[in-house]
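One structure below.
The values are calculated or read from the model by the stated rules, or taken from the named source; none is laboratory data. Source: prediction; values computed, not measured. As a convention, Cβ positions derive from the backbone with ideal geometry for all residues, glycine included, and neighbour counts pool all protein chains shown. In case anyone asks, the SASA skips ligands and DNA or RNA and just uses the protein heavy atoms, side chains included. Shrake-Rupley method; radii C 1.70, N 1.55, O 1.52, S 1.80 Å.
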Amino acid sequence: MNIKELYQEIILEHGKNPRNLRKTDNFNKDAKGNNPLCGDNVHIYLKLDEKKKVEDISFEGSGCAISMASASIMTDLIKGKEEPEVKEIVNDFLGMIKENPELKSKNLKEDEKTKLMCLSGVKQYPMRVKCATLSWHTLISAIDNTQEEINTEQLG
Amino acid sequence: MSISNIKKEFPIFNNKIHNNDLVYLDSANSSQKPQSVIDRVNEFYTNEFSNTGRSVHYLAVAATNLYENTRSSIQKYINAKDKNEIVFTKGATEAINLVANTFGQKYLEQGDEILITELEHHSNYVPWHFLRQSKGIKIEFAEINDDGEITLESIEKKITSKTKLIAITHLSNVTGAVLPVKEITELAHSKGIAVLVDGCQGAPHLKLDMQDIDCDFYAISCHKMYGPTGLGVLYAKKKWLEQLPPYQGGGGMINDVKKDSITYGDLPNKYEAGTMATAQVIAFDQSIKFLEKIGIENIVKHEQELIEYGQEILRKNNSVKLIGSPKNKGAVLSFTIKGVHPHDIATILDEDGVAIRAGHHCCQILHDKLGIPASARASLGVYNTKEDLDQLNSSINNCKKIFNL
């Protein structure tokens, strides 16, 4: 596999100029995650409206191009979706990174799937999978209000 | 043995990594192994295996002799006064934990201070933190200067009447700074303070003379010295090993065991409970022989040339920033590239067969001080060449190209 398949333009671009890298005003859910071996860290802020629709999502943190791009693309794509949809998309993404060849979610449009599949290059780099999945695990932790800091070393 | 074609002693370099020659620049993490060390492990298990020190049969006696030969070789190599000042452990980490447990248990009380530095690896901080929690001791940090060095003055500044132990690295695994351990020891001893030197990086790259440094404890990691994993050495002055309590209890470390009392064995058995890493100890003798055949003076000269060359080419490479510029620098080149995270650097370099490490290198305190979450590190071994450093530089350029820098 060519290294350029991992570092596609879209990843480099999102890594350099991450979307939603800020803190949501009046957020009502949040969670922290960290990858102790790499030092990547992320803090996700969510604002859900009364119908549990994502009114705003943002993140703060630092990390490699893969982890920043993953958080950037994720936050862009989750905005405006409802909580059950969000959970379903997260599971679909994690399933794709882990083993599935493609994304199956009906809650994702084709162009959204294409964008997410740009992160599939990490499958060939087992040490880098955690970089791509950190913000996604942290998002679930925020939604479920587990109050537990996500630690990639303790995830299965 | 000539250092110029030493690579051929290491079979790992016959392999291709992603279809490229291996450029191994991660020796501060762990060094590669010469064929003689690999063969020795195999030979011991194939033809000579027995446990040591217990049975009287032929193989047991032979294995015990081989095991003790390594102890003698190490004594000679580091110029320790007594063979029994060499204690085998499972690594340098265990060597430091041994001192923290025994010295801490016997001599430290609430309010006592241990002085370490901002350069320390977690293995020379966390064991003292345990004592901070269990005994209420304090840990003080000597501060680095702008060059990433620890000077005698920075140590002196933090010594108080409460300081009981100074625990310092010999050679920083991030900035490469070589600490003036002899001078620090002299200062410490003039104030009645004991000194532990973390020699993980010092031992593979510097000439060792325990009687000259005069430190009380020196921890060695064998797998960083072209030796097997699972093995470390604690050098400790005999007076300490005699005074301190045992570390772990078990077979081999006892003298007499009764229902109501136990007495412990003589040195060094007192600190080597249970079956030790026998094959590793026996093979490590070949690592010492390997180092002796090249000669530590030649190794120092070779690595100094490389480190100067490496600094020179990386300084010329714009957007690369070297971490630390100590006057006395050992075999480590840590750096950052503006706009590329160290983990991305490491993944991209790996594609060219260039193995480096990215992260905080178990030195989070230092990275916090430097204000960076991580760095990339190219570290040298006896087998590295100028061509390896040229390849490093060219792969860094490729990395910059991928990131449009």
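Quick notes on this structure:
- Heavy-atom accessible area ranking, 1.4 Å probe, most first, across B:44, B:130: B:130, B:44
- Relative compactness, segment B:54-126, computed as alpha-carbon Rg over 2.2 N^0.38 Å: 1.51
- Converting phi to 3J(HN,Hα) with the Karplus coefficients 6.51, -1.76 and 1.60 and the offset θ = phi - 60°, segment B:111-121 yields x, 5, 10, 10, 9, 10, 10, 5, 8, 5, 5 Hz in sequence order, with x at every glycine or proline.
- Solvent-accessible heavy-atom area per residue, rounded to whole Å², over segment B:38-292 at 1.4 Å: 41 Å²
- Convex hull volume of the C-alpha atoms in chain B, normalised per residue: 141 Å³.
- Carbon and sulfur %, accessible surface of chain B computed with the full protein complex present, 1.4 Å: 48 percent
- Along each principal axis, taking the top coordinate minus the bottom one, the Cα set of segment B:261-319 gives 68, 31, 18 Å in descending order.
- Loop-located trypsin sites (Lys or Arg not before Pro) in segment B:315-405 (DSSP state not H, G, I, E or B) with no more than 16 neighbouring Cβ atoms inside 10 Å: B:327, B:338.
- Relative contact order of segment B:38-292, defined on C-alpha pairs under 8 angstrom at six or more residues apart (%): 24 percent
- Listed residues B:325, B:161, B:261, most fluctuating in chain B (Gaussian network, C-alpha, under 10 Å): B:261
- Measuring between their Cα centroids, segment B:381-404 and segment B:183-215 lie 35 Å from each other.
- Binned Cα-Cα distance frequencies in segment A:2-52 - 10 Å width, integer %: 19, 33, 34, 12, 1
- Segment B:22-47 residues near the modelled residue B:126 label - backbone nitrogen below 17 Å, point 7 Å along Cα→Cβ: B:29-30
- The slack between residue A:60 and residue A:145, meaning 0.36 nm per residue of separation minus the straight C-alpha distance, is 28.8 nm.
- Heavy-atom accessible area per residue - segment A:3-143, 1.4 Å, Å²: 45 Å²
- Helix B:278-294 and the longest principal axis of the Cα set of chain B meet at an angle near 50°.
- Each part reduced to its alpha carbon centroid, segment B:20-34 and segment B:62-81 end up 27 Å apart.
- Calculated [θ] (222 nm, deg cm²/dmol) that DSSP helices of n ≥ 4 give over the protein assembly as shown, each run adding -39,500 (n - 2.57): -12000 deg cm²/dmol
- Accessible-area rank, largest first, for B:266, B:146, B:209, B:21: B:146, B:266, B:21, B:209, with all protein chains present and a 1.4 angstrom probe.
- At least 30 Å² accessible surface lost relative to isolated chain, residues of segment B:352-369 (1.4 Å probe): B:360
- Occluded residues from segment A:113-129, i.e. those whose accessible area drops by 20 Å² or more once the chain is not alone (1.4 Å probe): A:125, A:128
- Normalised by 2.2 N^0.38 Å, where N is the number of residues, the C-alpha radius of gyration of segment B:70-216 stands at 1.00.
- Between helix B:58-77 and chain B there is an angle of about 60 degrees, using the helix long axis and the longest principal axis of the Cα atoms.
- Overall Cα dimensions of segment B:264-405, principal axis frame, Å, largest first: 63, 33, 32
- The amide H of residue A:151, built 1.01 Å from its N in the peptide plane, has A:34 as neighbours under 5 Å, considering only residues 5 or more places off or on other chains.
- Cα coordinate range in chain A, projected on the principal axes (Å, largest first): 46, 34, 30
- Whole-Hz Karplus values for segment A:119-125 come out as 8, 5, x, 5, 4, 7, 10 Hz, taken residue by residue from phi with 6.51 cos²θ - 1.76 cosθ + 1.60 and θ = phi - 60°; glycine and proline positions read x.
- Rg/Rg_globular for segment B:137-272, with Rg_globular taken as 2.2 N^0.38 Å and Rg from C-alpha atoms: 1.22
- Complex-versus-alone comparison for segment A:1-50, residues with a loss of 30 Å² or more in accessible area, probe 1.4 Å: A:3, A:4, A:7, A:12, A:38
- When the residues A:24, B:46 are ordered by accessible surface, computed with a 1.4 Å probe over the protein chains alone, the sequence from largest down reads B:46, A:24.
- Both chains summed, the buried accessible area for A and B stands near 1300 Å², from protein heavy atoms and a 1.4 Å probe.
- Share of alpha-carbon pairs per 20 Å distance bin for the protein assembly as shown, given as whole %: 20, 45, 30, 5, 0
- Derived scalar couplings ³J(HN,Hα) [segment A:72-87; Karplus, 6.51 cos²θ - 1.76 cosθ + 1.60; whole Hz; x for Gly, Pro]: 5, 5, 4, 5, 4, 7, 7, 4, x, 8, 8, 3, x, 5, 4, 4
- Each pair of Cα atoms in segment A:1-93 enters the Kirkwood radius, and Stokes-Einstein at 4 °C and 1.567 mPa s then converts it into a translational diffusion coefficient of 93 µm²/s.
- Nearest-ten-degree value, helix A:129-143 long axis tilted from longest Cα axis of chain A: 10 degrees
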